[in-house]
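J.: Just dropping this structure here.
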Amino acid sequence: MHTPERDAAGRGPGLQRQLGLWSAVAVLVGSTIGSGIFRSPAGIADKLPGPGPMLAVWVTGGLFALCGALTLAEVAGALPQTGGLYVYIREGWGRLPAFLFGWAELVVIRAASMGAVSLTFADYFLRVLGVTGAQAERWSHWVAAVAIVGTSTVNYRGARAGALVQNATTVAKYGGLVFIVLLALAVGLPQTGGHFTPAAPPGSFAVGAFGLALVSALWAFDGWADLSFVAGEVKDPRRTLPRALVLGTLAVIAVYLLANVAYLAVMSVDEIRRSKLVAADVAQRLIGAPGVAFVAVTVMLSTFGTLNGTLLTAPRIFYAMADDGLFFRPVARVHPRHGSPYVAIVLTAALGVIFVLLRSFEALADAFVTAILPFYALGVASVFRLRRRPAEGPNGYAPSFRVPGYPVVPLLFVGATTYLLVNGLLDPAGRWATAGTLGVVLAGIPVYYLTVGRRAATDSRASAPDV
């Protein structure tokens, strides 16, 4: 089992516990609120052109995330180790599924996530500087790559440095969203009366379209599990992790729902559908050019904070894998002065730069959601296996928090995940993209058996007693 006190080679101190409750909440909120709440509403309105179905998608996505967070709050409190979701999959389902999660993180998930978020940062950064049109298109990927390198440099210097940036950007982005909400409700709503009726016009809802729109909402909500990756660096983890997971997720759900109500208070569904930068368009209508500048800076800080959160959390997955012998051992090295998993951070940043220079935002976001969903389901479903363990002993399971509504809450999450994957495979618009992404993930099975799986089997036979 992974021990965060020493590095993989046993050479001195490893990752240290230095994140308190509010830093942990900031990691979750800052990792979640990024580009999704600013870019996803247009796509959702296009698939579900009615205020009722639109808001229903955000409510459903929030409940989905809350079910997952409540379940992980129990598992994280019992297994507060670096790697989080990777550890829960390993302990619940074994080394092969855990390896596949790490493989998916390596070849699809994390690089796609960083690429999509950094591209949104670049778009708004260039907009603030007044660079638009073809010139912005030419420079956006390079600006995104520089942003990845910059945030990786911050986190190379340790979790404390990364947490300071995370705390500051989280306050800025959450405050910016709250300001937009208050402005829309106080100024915009009295002028327009809102665009909430009819709640569900004819043709505004279809089951398949709802499922595809939910994928976009889940992109915006993703991040609720990222805190678990740095569990080995959280103080008093059995108490702090469950509280931070629940508080952070509830804070995100609240501001997302209010933001969508604010958008509908100012703009119609059809206008939202045609607005790629909905928050900026809302602010422009309310206070003109200063509103656009304010929103642009807010989104820029928001996505930069999310990118920083990714470089703070995701490398811990590769660190934990290397510590377990499921990845190259040097990846588990800890910097002797900064106390950071510096090799894993450099690796994660390099993958992000490669992806961002080669792929578009839409392709990156869709690939991310498809690849991460099966592992969210496995991580949440691990609670059913782990609860069978005795409370005592080296592999005991003694959670400090119990998920309310068990087993219904985790079952709802797993069922919703299964629905989304099946819907993606059946829908003609996304069938081949979904199948292709899942195929890349499953390609990790022969990789496992040709590399670390073969080594594990050899070690097992070598250690077996002669009969």
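Bear in mind these aren't lab numbers, they're just calculated from the coordinates by the rules spelled out. On a predicted model such as this, the values are computed, not experimentally measured, just so you know. Heads up, the Cβs are rebuilt from the backbone with ideal geometry, glycines too, and the neighbour counts pull from every protein chain shown.
J.: Return Y449, Y156 ranked ascending by Cβ neighbour count within 10 Å, so the fewest neighbours appear first.
T.: Working: Y449 14, Y156 19.
Ascending number of Cβ neighbours within 10 Å: Y449, Y156.
J.: Measure off 7 Å from each Cα along the Cα-to-Cβ vector at T132 and F384, then give the distance between these two points in nanometres to one decimal.
T.: Taking the two extended label points, one gets 5.3 nm.
J.: At 0.36 nm per residue, and after removing the present C-alpha to C-alpha distance, how many nm does the segment from F179 to T451 gain when stretched out fully?
T.: On the way: separation 272, 0.36 × 272 = 97.92 nm, distance 5.22 nm.
Taking F179 through T451 to full extension adds about 92.7 nm, to one decimal.
J.: What dipole magnitude, in Debye to the nearest 20, does segment 281-415 give about its Cα centre under +1 on Lys/Arg Cβ and -1 on Asp/Glu Cβ?
T.: Values: 11 positive and 6 negative charges, 89 e Å.
Dipole of segment 281-415, to the nearest 20 debye: 420 debye.
J.: Relative to the Cα centre, what is the charge dipole magnitude of segment 276-333, using +1 at the beta carbon of each Lys and Arg, -1 at the beta carbon of each Asp and Glu, and rounding to the nearest 20 debye? Don't jump to the answer; show the numbers that get you there.
T.: On the way: 5 positive and 3 negative charges, 15 e Å.
Here segment 276-333 has a charge dipole of around 60 debye.
J.: While we're here: Of all trypsin sites (Lys or Arg not before Pro) in segment 168-245, which ones are in loop regions per DSSP and have a Cβ with at most 15 other Cβ atoms within 10 Å? Working shown, then result.
T.: Details: sites: K173, K235, R238, R239, R243; in loops: K235.
Answer in residue order: K235.
J.: Could you give the nm distance between label points at R337 and Y406, where each point is 7 Å from its Cα heading toward the beta carbon?
T.: Spacing of the two 7 Å Cα→Cβ label points: 4.6 nm.
J.: Roughly how many Å is it from the Cα centre of segment 36-75 to that of segment 370-396, as a whole number?
T.: Answer, in whole Å: 25.
J.: Compute the distance in nm between two label points, each set 7 Å from the Cα along the Cα-to-Cβ direction, one at R238 and one at Q18.
T.: Each label point is offset 7 Å from its Cα along the Cβ direction, giving 2.5 nm.
J.: If you put +1 on each Lys and Arg Cβ and -1 on each Asp and Glu Cβ, how big is the dipole of segment 21-457 around its Cα centre, in Debye rounded to 20? Mind showing how you got there, number by number?
T.: Numbers: 31 positive and 19 negative charges, 194 e Å.
In debye, rounded to 20, segment 21-457 gives about 940.
J.: How do Y263, Y419, Y448, Y88 rank when sorted from fewest to most other Cβ atoms within 10 Å of their own Cβ?
T.: Details: Y263 28, Y419 13, Y448 20, Y88 31.
So the residues, fewest neighbours to most, are Y419, Y448, Y263, Y88.
J.: Turning to a different aspect of this structure: Of the listed values [x] 22, 41, 26, 11, 0; [y] 16, 25, 15, 11, 13, 13, 6, 1, 0; [z] 25, 58, 15, 1, 0, grab the one calculated as P(r) over Cα pairs in 20 Å bins from 0, in percent from the structure here.
T.: Looking at P(r) over Cα pairs in 20 Å bins from 0, in percent for this model, the match is [z].
J.: A follow-up question, please. Among G61, A144, L258, whose Cα projects farthest towards the positive end of the dipole of segment 21-457, with charges put on the beta-carbon of Lys, Arg (+1) and Asp, Glu (-1)?
T.: Positive-end residue among those listed: A144.
J.: Take the Cα pairs of segment 225-351, get the Kirkwood Rh, then feed it into Stokes-Einstein at 10 °C and 1.306 mPa s and tell me D in µm²/s. All intermediate terms of the calculation are to be shown ahead of the outcome.
T.: Working: Rh = 17.7 Å.
For the chosen part, D equals 90 µm²/s.
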